[in-house]
1. Quickly run through region 6-33 and pick out the residues that are in contact with a helix residue (DSSP H, G or I) (Cβ under 9 Å, 6 or more places away or on another chain) and surrounded by fewer than 13 Cβ atoms within 10 Å (Cβ to Cβ).
2. Among the numbered criteria (1) in contact with a His (Cβ under 7 Å, 6 or more places away or on another chain); (2) of a type outside the set (Phe, Trp, Tyr); (3) open to solvent by 50 Å² or more (accessible area, probe 1.4 Å), which one does residue 125 miss?
3. Going through region 54-95 one residue at a time, which ones are in a strand (DSSP E or B), over 11 Å from the mean Cα position of the chain (by Cα) and more than 18 Å from residue 15 (Cα to Cα)?
4. Kindly indicate whether residue 92 is touching a residue at least 40 places away in the same chain (Cβ under 8 Å) and open to solvent by 20 Å² or more (accessible area, probe 1.4 Å).
5. Can you tell me which residues in region 1-29 are outside any helix (DSSP H, G or I) and at pLDDT 95 or above?
6. Give the number of residues within region 34-58 that are touching a Gly at 6+ places or on another chain (Cβ under 9 Å), under 26 Å from residue 120 (Cα atoms) and open to solvent by less than 30 Å² (accessible area, probe 1.4 Å).
7. Quick check, is residue 45 assigned to a strand (DSSP E or B) and either aromatic (Phe, Trp, Tyr) or over 23 Å from residue 95 (Cα atoms) (or both)?
8. Under 7 Å by Cβ, and 6 or more places apart or on different chains, what pairs join a residue from region 12-24 that is within 13 Å of residue 67 (Cβ to Cβ) with one that is loosely packed, with under 15 Cβ neighbours inside 10 Å and among the charged types (D, E, K, R)?
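The values are calculated or read from the model by the stated rules, or taken from the named source; none is laboratory data. In this text, all values refer to a predicted model and were calculated from it rather than measured experimentally. Don't worry about glycine lacking a Cβ; one is built from the backbone with ideal geometry, like all the others, and counts go over all protein chains shown. Surface areas here come from the heavy atoms of the whole protein model, side chains and all, with no ligands, DNA or RNA. Shrake-Rupley method; radii C 1.70, N 1.55, O 1.52, S 1.80 Å.
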Amino acid sequence: MITYCTATSSDLPEVRALLAAAGLPKAGLEDHILNFMLALEGDKVVGCAGLEAHQSSGLLRSVVVAEEYRGMGIGAKLTEGMLDLARYKNLSSLSLLTETAADFFSRFGFAVVPRAELPAALHASQELQGACPDTAIAMTLSLTPPSEA
């Protein structure tokens, strides 16, 4: 049975190992680990997703599920958890960089944008400072509710 929880600093080694196995960047992980959600089978970390908040903008990062657990809806549950956290933190937008999962994230309303159009505040993230390759696809989602007329 898969359970979900918030990460703590003691989860860093397992999260690093999961990211390394998937070829995802680990830069800046320790600065944001408390904004990570974990998927666990027993005590084993089988998935994670994180949020970096930069002013009113958020960066969804490190959404990963161990290969043998893919296709079970874990990635979707983790992404939904990060969307909820971003809304709870009153962020106006959530952006991400991906090399392989644009179709997955588009299911949640993320749209491809030129990297130069990502919110300026996100450039403080190590992911945008070179941890993610320049070839990664930039995507963003507005979290601001439409104004009522």
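1. Answer for region 6-33, where residues must be in contact with a helix residue (DSSP H, G or I) (Cβ under 9 Å, 6 or more places away or on another chain) and surrounded by fewer than 13 Cβ atoms within 10 Å (Cβ to Cβ): 8, 9, 21, 30.
2. (3)
3. Step one: of region 54-95, the residues in a strand (DSSP E or B) are 54, 57-65, 93-95.
Restricting the remaining residues to those that are over 11 Å from the mean Cα position of the chain (by Cα) gives 54, 57, 65, 93.
Within region 54-95, 54, 57, 93 meet the criteria.
4. On the way: touching a residue at least 40 places away in the same chain (Cβ under 8 Å): yes; open to solvent by 20 Å² or more (accessible area, probe 1.4 Å): yes.
Yes; evaluated as a whole, the condition is true for this residue.
5. Start the filter on region 1-29 by keeping residues that are outside any helix (DSSP H, G or I), which leaves 1-8, 23-28.
Those that are outside any helix (DSSP H, G or I) and at pLDDT 95 or above: 2, 3, 4, 5, 6, 7, 8.
6. 4
7. Yes; evaluated as a whole, the condition is true for this residue.
8. Within 7 Å, no pair qualifies.
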